[in-house]
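Readers should treat all values here as calculations from the given coordinates under stated rules, not as data from a laboratory. What you see is a predicted model; the values in this text were computed from it and never measured. FYI the Cβ positions are ideal-geometry reconstructions off the backbone, even for glycines, and counts take in every protein chain you see.
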Amino acid sequence: MNTEWYIVLSSLLFAVGAMGILIRRSPVVILLCLEIMLNAGNLSLVAFSRMVGNQQGQIFAIVVMVVAACEVVVGLGLIVAIFRRKLPLDVDELRELRG
Amino acid sequence: MEAVLFFFAALGALGGAVGVVALRNPFYGVLALIVHLFSLAVLFLLLSAAFVAAAQVVVYAGAVMVLYVFVTAYVGGDTESAWEPIPGQRFLAPLMGAAIFVELSIAVLGSSLVALGTHGPDVNPGFGDPAGIGRLLLERFLLAFEASSILLLLAAVGAVVLAGRARTEGAGKGAASGSSEHSSEAPAERSEDPLAAPSHAGGTA
Amino acid sequence: MNATAWAWLVLLFPLLGSIAIALGFKVLPSKAAGAIGTAAIGLAFVCGVAALISLLGEAPEARHHASSLWDYASVAGLEIKLGIFVDPLSVFMVLIVTGVSTLIHLYSYGYMQSDEGYHRFFSYLNFFVFSMLLLVLAGNFVLLIVGWAFVGFASYALISFWYRRTTATKAGMKAFVINVVGDIGLVLAAFLIFRELGTFEYSEVFAKAPQVFSTNEWTITAICLLLLVGAFAKSAQLPFHTWLPDAMEGPTPVSSLIHAATMVTAGVYLIARTHTLFVLAPTAADIAAFTGLATLLVAGTIALVMTDLKRAIAYSTMSQIGYMIMGVSIGAYSAGMFHLMTHAFFKALLFMAAGSIIAAMANNQNIDDMKGFGKAMRFTSITMLCGGLALAAFPGTSGFFSKDEILAYATARGGMYEIFTVLGYFGALLTAIYTFRLIFRVLPGRPCEEAQELIDTGHVHHAHPFNPATGEEEDTDVGFPGADHHIAEQSWPMRAAMGVLAFLALFAGLIQVPGLDEVVTKFLDPVFADSPLAEIVPSVGASWAGLAIGATISIVGIGIAYWLYIARPETPAMLIRRLRPLHTFLVNKWYFDEAIEFLIVRPALAIGRFANRTFERIVVDGLVNGTEDFVGGSGRIVRVVQSGFVRSYALLLIVGFAGLALYFLLSSS
């Protein structure tokens, strides 16, 4: 397959992830959509790495995976903390930082 | 052959993504994401990125998603209300999604990247092998490698601090959470009350 | 040591005394403050004498030295040094200031003994002497202004010494404000001098001035007029004189030192010091002379009807300073300075005697209530008589030689200046009359109650403390004078000081007998040698003729006073009845206070009220509040975006990203 198919797929996945963030209200699901966006990025990185012919894109993808893992850990920790304080697990309800 | 594999993997990835967005129950969403991740691993294999594919399955689908499963099980999932407090959100979101897709596609495809329409150079069979990745990580990208390890440490510590008990006694790292769960529940009662009256504090311990 | 080293010591001792008393006021035993203060000034006097001796050891032309401790400012053509200038004129003033101050400190040692603010008094008094010496010894205009301002502050602090008396604090403020007006004039004059001549140092200014300015050019006239504003405010000449009678609210030693002998003479010293400039601006000098003359007469007439003892002596001071200003303005420099010296002696003495009498009257200052103290207080009355004779220029006393010397000079200068002589003699007649009016009303006759009490029991009359001006009752805590008063007969420091001054008042004139010794003139000649007016010297015969006329007038004046107050005591009442409008006019001090209130104080207050009501409230507050409202309003509008919904923020983010991407796509196609 040509590289462009992978790129188109990647941007489609990215768009789906973005839309998911905008629509869903549960923090867990929002984090899941973030994962989708990150993976879309990974896909295009690996595709370009194959197109160029060296492995630097794959290294980049691995580091992105590391970062995603860290982010997920912290985000889920936050969600657990929110749940433990008996606050509603709804991004629209948690809006103390309003003007 | 490759095209068929790509087609099915792409369908799986897309289906998983749409499933995450569309499914009401967050648990089903997690499962949908797992499907998405496996499909992506197949796509990586198609792109001769064997190690990345393996890492995807082991780290992403294996560890990260397990974390999601645990948390979703603990937290549960309520059905989100149908009423949208932000005006225009439900209308603009798909629109923006479509806009992003179109723009990204045009941007990449309309760019002057000549090799975009090709399959890429012929690579030797060792392309994407762990040996090659390892050598690159430890020689050329050592700094990134070390920085990522520090980042992981920070994230672990941060998560423990965030989700642990709110008072001075820090629970042990995640593993101890089982035993300290019970004892941490009572003080958590005491400490979890930014909204409740403080007079409630003395009652439980 | 040379003269300038002694001069620095002269400055040092009073300053140290003031600081020592101020810092140690809680630990010093009761009279130690007085002792330290007096000793400090005494030491300064000794150093002044030493400076005089070392100055006399030099040739007359070389008797001027400048010495500087360090450079204040040395930048862009501005050179200001902390420097003093020692020459016969400054040493003369130093000796007068320190000498009379030592005696007054000695007097205060006894007089202020039961005052709660004893230490504060001596600290302020020492500080005053230091400032006056700084003024006199200053070697450049900047340090002169510093000394000038310090002296004004010291005067304010000492006038309001009994700070819980509203009349005293108001008087202090009045004095200070009028002094500041004078300061402004002095400072502007200094600025103009710097602009025209480029320097502040005395030696350079006086050397350059004749080369830069031509006679009666408007700049030099302006400079001299501004200097006059300063001099008149400090020396209580018309129209800046209204503060001096009110300044009698201060304790008597203060009136004696500051408002008789030293501070009010600062204006005279200023004109004498800057005589080079006044020679170049004869118009300004004439204005000064006429102002002096006018003050002389106005104050003399007012003193005729004053019933407050201290205020009457204050108007007398104003009148005598008019003589001095007149003298140094028309060119009788040494005569004017000599009169300054003798006036310091006899006026300080008169105030001291008045203080003693007022103490015996338990703070009552009204001469209508005083009678017969001649029998009750022998020493005080004898010294008061000595002072009075000197003031009235009785033949042989110091005042006789000094006052008539000025008038002889005016005759010698001739032309228009003869009017000064004529009116000056008329003023002398008034002086004799009002001086002996006081003496004949207070001293002889049947003793009044308080005097009788003193004769019978030997105790000073004791009354509940009250404010002599308003009559309101006071307590004996700090800030008020208290209930105990000290008279000279019972206090040896007071007697010592008054005795010395009485001797000087009577016999100090003998150092300047025309044709015989003329010590003062010879000593001060080198200072004024550059003035063409100094060459006009009245002949010995003319001087003695003037002295004879003066003697006659003095005796006539005393005779008139005797007739009015002893021989025919009903005459004053009849005169007042006949000349009631004139009497009212004089009692109201020629309505100067009312005029100033109307012309200056009321408009100033009106401007202040306008500024507060209109400008402050509408413009300034409007601006500030308007800005506040504007910022708050715009904040409120912007706040709408901060809804707190994370998803709307995310939407904004993605919309922005999409927009940007669209822009770049379009711009690159």
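Taking N as the number of residues in the range C:593-668, what value does Rg over Cα atoms divided by 2.2 N^0.38 Å take?
Compactness ratio reported: 2.49.
Treating only the Cβ of Lys, Arg, Asp and Glu as charged (+1, +1, -1, -1), what charge dipole size does chain C show about its Cα centre? Round to the nearest 20 debye.
900 debye
Averaged across the residues of A:38-47, what count of C-beta atoms belonging to other chains lies within 10 Å of each residue's C-beta?
Per residue, the number of nearby Cβ atoms from other chains is 5 on average.
Go from 0 up to the bin containing the longest alpha carbon distance in the range C:573-613, width 10 Å each, and give me the % of pairs per bin.
All Cα pairs, binned at 10 Å, distribute as 27, 28, 21, 15, 8, 1 percent.
When N counts the residues of chain C, how does its alpha-carbon radius of gyration compare numerically with 2.2 N^0.38 Å, as a ratio?
Chain C yields a ratio of 1.16.
What ranking, highest mean first, results for peptides C:235-241, C:187-193 when packing means the other Cβ atoms within 10 Å averaged over each residue?
C:235-241, C:187-193
Let me have the relative contact order for chain C, percent, based on Cα pairs under 8 Å that are six or more residues apart.
Averaging sequence separation for qualifying contacts and normalising by length gives 13 percent for chain C.
Compute the length gained on full extension between residue C:610 and residue C:548: take 0.36 nm times their separation in residues and subtract their Cα-Cα distance, giving the result in nm to one decimal.
Here the answer is 16.2 nm.
For the protein assembly as shown, what is the mean residue ellipticity at 222 nm derived from helices alone (per DSSP H run of n ≥ 4: -39500 (n - 2.57); sum divided by total residues; nearest 500 deg cm²/dmol)?
Dividing the helical sum by the residues of the protein assembly as shown leaves -22500 deg cm²/dmol.
For chain A, what is the largest minus smallest coordinate of the Cα atoms on each principal axis, given in angstrom and ordered from greatest to least?
The principal-axis extents, from largest down, are 51, 24, 24 Å.
Give, rounded to the nearest 20 debye, the magnitude of the charge dipole that the protein assembly as shown has about its Cα centre when Lys and Arg contribute +1 at Cβ and Asp and Glu contribute -1 at Cβ.
Dipole size: approximately 1040 debye.
Kindly give the semi-axes, whole Å and largest first, of the ellipsoid equivalent to the range B:13-122, taking each as the square root of 5 times a Cα gyration tensor eigenvalue.
Here the semi-axes work out to 31, 25, 8 Å.
Go ahead and run the numbers for FRET between residue C:59 and residue C:177, Cβ-Cβ distance against an R0 of 56 Å, rounding to 0.05.
0.75
Less than 16 Å apart at the alpha-carbon level, and either on another chain or at least 8 residues along: which aspartates and glutamates does that give for residue C:522?
C:58, C:61, C:87, C:405, C:530, C:535
Give me the one-decimal Kirkwood hydrodynamic radius in Å for the range B:1-56, with the sum taken over alpha-carbon pairs.
Answer for the range B:1-56: a Kirkwood hydrodynamic radius of 11.4 Å.
If every alpha-carbon in the range C:345-416 counts as one equal scatterer, what log10 I(q)/I(0) does Debye give at q = 0.21, 0.27 1/Å?
Scattering profile of the range C:345-416, log10 relative to I(0): -0.87, -1.15.
As an exercise, use a Förster radius of 30 Å and the Cβ-Cβ distance of residue C:470 and residue C:575 to find the FRET efficiency, rounded to the nearest 0.05.
About 0.55, to the nearest 0.05.
If each residue of separation counts as 0.36 nm, what is the full-extension length gain between residue C:462 and residue C:599 once their alpha-carbon separation is subtracted?
45.0 nm
Separation of the range A:30-99 and the range C:622-669 by C-alpha centroid, Å?
26 Å
Quick one: putting +1 on the C-beta of Lys and Arg, -1 on the C-beta of Asp and Glu, what dipole do you get for the range C:347-499 around its Cα centre, in Debye to the nearest 20?
With only Lys, Arg, Asp and Glu charged at Cβ, the dipole is about 940 debye.
Please give the peptides C:615-621, A:67-73, C:65-71 ranked by average Cβ packing (other Cβ atoms within 10 Å per residue), highest first, as a rough proxy for protection.
A:67-73, C:65-71, C:615-621
With a point put 7 Å past each Cα toward its Cβ, work out how far residue C:208 is from residue C:477 in nm, to one decimal.
Going from the residue C:208 label point to the residue C:477 one covers 5.7 nm.
For chain C, build the charge dipole from Cβ charges (+1 Lys, Arg; -1 Asp, Glu) around the Cα centre, then report which of C:603, C:410, C:510 sits farthest towards its positive end.
Highest projection toward the positive end goes to C:603.
Give the Rg (one decimal place) followed by the Dmax (whole number) of the range C:484-589, computed from C-alpha coordinates and expressed in Å.
21.5, 55
Between residue C:566 and residue C:39, what is the spin-label point distance in nm, taking each point 7 Å from the Cα along the Cα→C-beta axis?
With each label placed 7 Å out from Cα toward Cβ, I get 4.6 nm.
How far apart, in nm, are the 7 Å Cα→Cβ label points at residue B:156 and residue C:375?
11.6 nm
Taking the Cβ-Cβ separation of residue C:513 and residue C:536 as r and a Förster radius of 22 Å, what is the calculated FRET efficiency to the nearest 0.05?
Here the calculated transfer efficiency is 0.65.
Taking just the C-alpha trace of the range C:255-350, give me its Rg and Dmax in Å.
13.2, 43
In Å and from the alpha-carbon atoms only, list the Rg and Dmax of the range B:89-158.
Radius of gyration, then largest Cα-Cα span, for the range B:89-158: 19.9, 50 Å.
Starting from the exponent 0.38 and prefactor 2.2 Å, build the expected Rg for the protein assembly as shown from its residue count and divide its actual Cα Rg by it.
1.67
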